[in-house]
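Derivation of every value follows stated rules applied to the coordinates shown; laboratory data play no part. What you see is a predicted model; the values in this text were computed from it and never measured. Virtual Cβ from ideal backbone geometry, glycine too; neighbours counted across all protein chains shown.
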Amino acid sequence: MNFYKALLAATFLFMTSTEAFSQNAREAITKMNKGEQKAIVADYPYTQSLVEKALEDKFSKANFGKSKSKNGFNVYSAVTWTDVAPADKLDVYVKTSEKKGVTTVTMLVSRGYDNFLATPADQVQIDNLKGFLNNLNSGIISAELTRKIEDQNKVLKSTDEKCAGLKKDQEKLESDKQKIEKNLEQNAEAQKKCAAESEEAKAKLDQLKTQLSSN
């Protein structure tokens, strides 16, 4: 019972921690183009690779295309992001960093050049961006499960190949066994024949010796 209580407690703490992280998107100031710009920042209790995979999946589904590196950010240029600002062409800047098992995502969005979302008139789009980051948690979990499934598929493939190899070895051993058993039978028959020939040769030798002694 103590084990199950501990397991339930650990599960509750994990869910509570995840819930706390899932609603933490906030406005912040970050450096960009030798100046400061308003950004949206959120933290996730997952590895950087998992968070980046979740972001890539979301951006791929949104048809963002390929990104380019600029000032430490991955930049998706002139994209249509209906979840944030459906009427605008946007440049999306995203950066991730990990510290002590927590990955931080920093995002900036501009309508081109240095026209970043920052003013009170942009609050709807900024809130939409916060909503995107707050809802990213489910995407990260999906990315983690996808990675685990891929890893398990590799384990299964390796195990299947090992089993197939062992089966092939067994077939060869059984074939070798049949050959050995047949060789043993042939050897036993050859030994009997050889023993009979030896007895016959010995008897003939004894006969010749007897004839010699009688002369």
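Here are some notes:
- Reach of residue 154 by Cα under 18 Å, taken over lysines that are not fewer than 8 positions away in the same chain: 162
- The ellipsoid equivalent to the alpha-carbon distribution of segment 107-215 has semi-axes of 96, 12, 7 angstrom, derived from the gyration tensor eigenvalues as √(5λ) and listed largest first.
- For the chain, the normalised intensity computed at q = 0.13, 0.15, 0.18 Å⁻¹ comes to -0.86, -1.02, -1.26 (log10 of I(q)/I(0), Debye sum over alpha carbons, equal scatterers, no solvent).
- Computed helical MRE - 222 nm, the chain, DSSP H runs ≥ 4 contributing -39500 (n - 2.57), nearest 500: -21500 deg cm²/dmol
- For segment 38-111, the dipole from Cβ point charges (+1 on Lys and Arg, -1 on Asp and Glu) about the Cα centre works out to 200 debye, to the nearest 20.
- When the pairs 38/95; 70/130; 95/157; 66/95; 177/202 are compared against a 25 Å limit on Cα-Cα distance, 95/157; 177/202 fall above it.
- Net charge contributed by nearby residues that have their C-beta within less than 15 Å of residue 53 (K/R +1, D/E -1): -3
- Debye, to nearest 20: dipole size of the chain, +1 on Lys, Arg Cβ, -1 on Asp, Glu Cβ: 400 debye
- Computed over the chain: relative contact order in percent, which uses C-alpha pairs under 8 Å that are six or more apart: 18 percent
- Cα shape, segment 152-215, gyration tensor, a/c 1.5 rule: prolate
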